Structures are given as C-alpha cells and as structure tokens.
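Here is the structure we will look at, set down as structure tokens.
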Amino acid sequence: MYRVSKMDNGADRDARPLGTVVDVASIARAIHLIPDYGAMVHPGLNAMNTLEFCQYFWINCFLDKETHQAVY
C-alpha cells in the first residue's frame, strides 16, 4: 500500500485549515484511506476527527480489482 500525507496549506487568521478546490473532471475514482496511527493512537481519536489527528494515510489498493490495477 502507498502512504500519502495531507497537504499543508497553512491556516487562516482564525486557525482554520485552508482547503483546495479540485476540478471534478480530474477525479477518476474514490479511494479508501486508512489512517496511519503511528506508534501510539491518540486517546481522543474517533471517526469524526480522524482528519485532524492523523497526518498520514495508507491507500487501500485491495478494495477491488480496478483500484488494485490503477494503483499498481
């Protein structure tokens, strides 16, 4: 599996993370991302705040045959 990380766009003056607009035509398919928890899992981690606590993720290339072929 490939490891990816969040893009660091900085933050605005209210400390909210900035986002990026992606052209819909450039999206080929949705993928599953599995959080890379590191050596220790944060005790407050849950499904709603995973993107805040985790910096790195693994691409699940075993979702289906098409995803596996596209990733490899």
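The values are calculated or read from the model by the stated rules, or taken from the named source; none is laboratory data. Computed from a predicted model, the values in this text were never measured in an experiment. As a convention, Cβ positions derive from the backbone with ideal geometry for all residues, glycine included, and neighbour counts pool all protein chains shown.
Tabulated data for the structure shown
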item	result
Verdict on H42 being assigned to a helix (DSSP H, G or I) and touching a Cys at 6+ places or on another chain (Cβ under 9 Å)	no
Criterion: surrounded by fewer than 12 Cβ atoms within 10 Å (Cβ to Cβ), among the small types (G, A, S) and modelled with pLDDT of 80 or more - qualifying residue of A25, A15, A11	A25
Identity of the residue in the range 41-52, modelled with pLDDT of 85 or more and either more than 11 Å from the chain's Cα centre (by Cα) or loosely packed, with under 10 Cβ neighbours inside 10 Å (or both), that ends up nearest to L63 (Cα to Cα)	A47
Complete set of residues in the range 29-59 that are over 16 Å from K6 (Cα atoms) and either of a type in the set (K, R) or touching a His at 6+ places or on another chain (Cβ under 7 Å) (or both)	R29
Top-ranked residue of the range 53-72 - restricted to ones that are in a loop (DSSP other than H, G, I, E, B), of a type in the set (A, V, I, L, M, F, W, C) and at pLDDT below 85, ranked as surrounded by the most Cβ atoms within 10 Å (Cβ to Cβ)	C61
